[in-house]
There are 2 protein chains.
Amino acid sequence: MFDKNIYISRRKKLKELVGDGLILIIGNSESPMSYADNAYNFIQDSTFLYYFGLNSPDLIGVIDVENDKEYIFGKEFTIDDIIWMGQQKTFKERAAEVGIEKFVESEKLEEVLEKAKLKKQIIHFTNQYRIENSLKISKLLDFNLDDVNKKFSKKLVAGIIEMRNLKKDYEITELEKATNVTREMHLTAMKNVKPGMKGYELVALLEAAAKKYNATTSFHTICTTNGQILHNHFHGNTFKEGDVVLLDCGARLENGYCGDMTTVFPVSGKFDSRQKDIYSLLIEMFDRAEECTKPGVTNKFVHLEVCKVLAKGMIKRGIMKGNIDEIVNIGAHALFFPHGLGHMIGLDVHDMENFGENNVGYDEFTKRETQFGLKSLRMGKELKAGYVLTIEPGIYFIPELIERWKKEGKFEEYINYEEVKKYLDFGGMRYEGDFLITENGNRRLGDKMPKYFNEIEEILKNNN
Amino acid sequence: MFDKNIYISRRKKLKELVGDGLILIIGNSESPMSYADNAYNFIQDSTFLYYFGLNSPDLIGVIDVENDKEYIFGKEFTIDDIIWMGQQKTFKERAAEVGIEKFVESEKLEEVLEKAKLKKQIIHFTNQYRIENSLKISKLLDFNLDDVNKKFSKKLVAGIIEMRNLKKDYEITELEKATNVTREMHLTAMKNVKPGMKGYELVALLEAAAKKYNATTSFHTICTTNGQILHNHFHGNTFKEGDVVLLDCGARLENGYCGDMTTVFPVSGKFDSRQKDIYSLLIEMFDRAEECTKPGVTNKFVHLEVCKVLAKGMIKRGIMKGNIDEIVNIGAHALFFPHGLGHMIGLDVHDMENFGENNVGYDEFTKRETQFGLKSLRMGKELKAGYVLTIEPGIYFIPELIERWKKEGKFEEYINYEEVKKYLDFGGMRYEGDFLITENGNRRLGDKMPKYFNEIEEILKNNN
């Protein structure tokens, strides 16, 4: 939790941006696993965390803009709670720590809302991603459940995104910590991988590396020797001599800030020559992104620059042919790089994705494309100093996709399918880091990570 | 997943028990953390897993009892899915592996239900613990959301509990595996604890021990030096010389079967004499439970026998006074043991608790008590061969509870508050194992666990 003045000034700014009515921000409840009392680890709604700081279930924050009042609604601990849970700071005390004087029992929320309705105040709320929170809103505001995600306040959502997009120094400090825990997860995996190991054995070690810092994983870890399968959550494969592991994982600090990195590394400690060759092209793409990423350019531009490096490299290797600009323009390279270059990161690993990808990653000047590949780019808009985002190019040989395109004769003038065939057993590679946009360019967060293949091999050299 | 004949015969038995209408069993969906695409690890509904075996989200099982038809409804993979997720067995193939020939697209479910409604078939469903599943039922059957958990089928729930209560050999094999992974989590913690360590550092190691077997934790681990705080999920304390760690954790195998154990062990490797003294009484309680636990007695009886051992031990130590039977009858001992002796365990760590504790742990012959302490006993009813349950006595000195009772003058004739005062800094201890009820008695599941204080100290002897 930050100093209370941070929360006070965040709410003040939000009041100015929204300008009228009353703002309702719903905190998360516990999510039951297999019965009500056995819940997943609690994850607070990131917007609630941002403006109200308290990391406990069943709280609702209210900012009455017009009457300049702020509340947190919840349920205070009873003496019985204390007996089972030990001495606790009261919620009243904890609310005061984030600058809220009015901690009020939940039942009173309806009264406050009734008054606002009588005065015809606008009640602003955000769109919801958990059905129980939609239900709360539908009950509080007498909406049909299906209407909640239609009637949300676009002004409120825009204001929140505008503020959360720009990371302050004290947030960057936390994101840097999250990146360093993430780094340690990757280095732990690299230093322990060996043939015969199961994916989940490696995951066990890297999750423990996060937990040592009281961090969890910011999303479901991808740890696979089939990197070409993009949505791959399976950890049951046994690593073999010659395999390359693709590891995409990140830490989520107790305070919510997230890291996200991808590395690839050879199970046996050394890349073979073909792996080295494609990996080098991947890092050329990454370096090009790093070179282009700065305020004033769009991330879509950076993405396309990276695609040109890919197209050029594929032509050089005889896998593609023709003109680089034409290839990238028509999207033929996306056979090998079907996803986007990156996404915003902050209190969510895809920061604020609950508000809709396009609301975070696009604006009136940069619209989302529909072309295969480019349509998967989450972050397209112009970069500004203070943004934190990932750079994560990939090169994949996806047999099912290659087969489909080949059958359709798709982009035959640019793709040398005979040559592609030789890579059907290759798999896929991705490399990812987290970057802050600075005044003049960018800065990769965290301590130095191995990147070039010799740096990777150096880390693995004592494994066997 | 078991052999398909197991699922076929389970459904056959359930059909016989329910006898009419159509049975609707809702599988779980993904639970989002902070936006829709970032979900917690998927946990399938245990009843769906029991009858339909498939561990994937968004499936619904239907058993049409009257027309002897069985279906799984869901969404088959598309070619696009295969491109992003790799080659997959189709749901049709996977359904066939659990003996279901009819894997049908979800949209058709309404048709099947409409037909049943026209024929005035009863549609049986269970009460729900996830709001999204209640919503599904409310939409499918045109109920008010609030009515779903009122209009559920008591006959169906009773049939499921009757079947799942009695564990078959192939389930006991899995529960034994879960217990052994749980055992390894505990031994790992014991062998690595030392002064200066943070709680979460120990949790990191024991969760990795589970993950090595592709298992997760079956509930939120309790790992604390404040064992007297019963609902204690905080892992941030630093272990000190002289502290005793209370560790309550368990493994959940990938197939759903759970383990659950509690141990206590001294941070510095040796219990002090007072810790040894109270720990010895705790193990007397545990041993008494083990002695009494057999078919034909109620678990309430076993609980009360254990309470007598506690009362006797407390009298011997000058902490309580008076007649043992009176103490236990009036519940004065519950100051030191305010929870129940144990609970059923299976595919849920509190098995089937989603159906209501009383429906699983009590019956027409054994009703739940309201007395403090006894009211927290989850499992009270008569034991039968095939039940698997935990035995977990505890001894706690809870300052807030002691203070409250003392102020009220509660049970002054049985409690020597002056003597209790000396233990206000003691904390709390619990010891827990998982037991199968056999034809003649019981069997503790898993390989031998250290229990007596010298066995515990033996495990820790090389820690420093």
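Values in this text are rule-based calculations from the coordinates and carry no lab data. Quick caveat: nothing in here was measured; it's all calculated off a predicted structure. A quick note on method: Cβ atoms are made from the backbone with ideal geometry, for glycine too, and the neighbour counts reach across all protein chains shown.
Structure values in brief
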{"quantity": "For B:216-223, mean number of other protein chain Cβ atoms within 10 Å", "calculated": "2"}
{"quantity": "Interchain or long-range residues, amide H under 5 Å from B:Val104's placed H", "calculated": "B:Ile72, B:Phe73, B:Gly74"}
{"quantity": "About the Cα centre, charge dipole magnitude for the protein assembly as shown (Lys/Arg +1, Asp/Glu -1 at Cβ), debye", "calculated": "300 debye"}
{"quantity": "Anchor A:Lys321: aspartates and glutamates whose Cα lies under 14 Å away (excluding residues fewer than 8 positions away in-chain)", "calculated": "A:Glu412, A:Glu413, A:Glu418, A:Glu419"}
{"quantity": "Which of B:His186, A:His220, B:His233, B:His303 has the fewest Cβ neighbours within 10 Å, and the rest in rising order", "calculated": "B:His233, A:His220, B:His186, B:His303"}
{"quantity": "Helix B:169-192 vs. chain B, principal-axis angle (Cα, 0 to 90°, nearest 10)", "calculated": "40 degrees"}
{"quantity": "10 Å Cβ neighbours from other chains, averaged over peptide A:232-242", "calculated": "1"}
{"quantity": "Rounded, prolate or oblate (a/c below 1.5 giving rounded, otherwise prolate when a/b exceeds b/c) for the range B:163-211 by Cα gyration tensor", "calculated": "prolate"}
{"quantity": "Qualifying aspartates and glutamates (Cα of each under 17 Å from Cα of B:Lys69; at least 8 residues distant if same chain)", "calculated": "B:Glu16, B:Asp20, B:Glu97, B:Glu101, B:Glu105, B:Glu110, B:Glu111, B:Glu114"}
{"quantity": "Above-threshold pairs, the threshold being 31 Å between Cα atoms, out of B:Lys4/B:Lys177; A:Lys92/B:Lys151; B:Lys312/B:Lys407", "calculated": "A:Lys92/B:Lys151"}
{"quantity": "Global form of the range B:267-321, assessed from the alpha-carbon gyration tensor, a/c cut-off 1.5", "calculated": "oblate"}
{"quantity": "Reachable lysines from B:Lys194, criterion Cα separation under 16 angstrom, eight or more residues apart if same chain", "calculated": "A:Lys212, B:Lys240, B:Lys270, B:Lys461"}
{"quantity": "Distances in nm from A:Asn5 to the matching label points in the other copies, shortest first (labels 7 Å along Cα to Cβ)", "calculated": "7.5"}
{"quantity": "Peptides ranked, highest mean first, by Cβ atoms within 10 Å: ranges A:5-11, A:225-231", "calculated": "A:225-231, A:5-11"}
{"quantity": "Exposure proxy ranking, count of Cβ atoms within 10 Å, fewest first, for B:Val264, A:Val157, A:Val306", "calculated": "A:Val157, B:Val264, A:Val306"}
{"quantity": "Residue-wise HN-Hα coupling along the range A:259-264, computed from phi with Karplus coefficients 6.51, -1.76, 1.60 (Hz; x: Gly, Pro)", "calculated": "x, 7, 9, 10, 10, 10"}
{"quantity": "Gyration tensor verdict on the range A:169-460 (Cα atoms; rounded if a/c is under 1.5, prolate if a/b is larger than b/c, oblate otherwise)", "calculated": "oblate"}
{"quantity": "Dipole magnitude (debye, nearest 20) for the range B:169-460, charges at Cβ of Lys, Arg, Asp, Glu", "calculated": "620 debye"}
{"quantity": "Segments A:129-138, A:88-97 sorted - mean Cβ within 10 Å per residue, highest first", "calculated": "A:129-138, A:88-97"}
{"quantity": "Crossing angle, helix A:199-211 versus chain A [Cα axis fit, 0-90 degrees, rounded to tens]", "calculated": "40 degrees"}
{"quantity": "Label geometry 7 Å along the beta-carbon vector: B:Asp37 inter-copy distances in nm", "calculated": "3.8"}
{"quantity": "Pairs beyond 24 Å (Cα-Cα), from B:Lys115/B:Lys139; B:Lys89/B:Lys119; A:Lys191/A:Lys451", "calculated": "B:Lys89/B:Lys119"}
{"quantity": "Cα centre as origin, Lys/Arg/Asp/Glu Cβ charges: the range A:268-408 dipole, Debye", "calculated": "520 debye"}
{"quantity": "Other-copy label distances relative to B:Ser280, 7 angstrom Cα-Cβ extension, nm", "calculated": "7.3"}
{"quantity": "Value of relative contact order over the range B:272-384, rounded to a whole percent, pairs C-alpha under 8 Å and six or more apart", "calculated": "31 percent"}
{"quantity": "Angle in degrees between helix A:108-118 and the longest Cα principal axis of chain A, rounded to the nearest 10", "calculated": "80 degrees"}
{"quantity": "Residue exposure sequence - B:Asp45, B:Asp37 - by fewest surrounding Cβ within 10 Å", "calculated": "B:Asp37, B:Asp45"}
{"quantity": "Relative contact order [Cα under 8 Å, 6+ residues apart], chain A, whole percent", "calculated": "14 percent"}
{"quantity": "Peptide A:204-213 - average C-beta neighbours from other chains (10 Å radius)", "calculated": "6"}
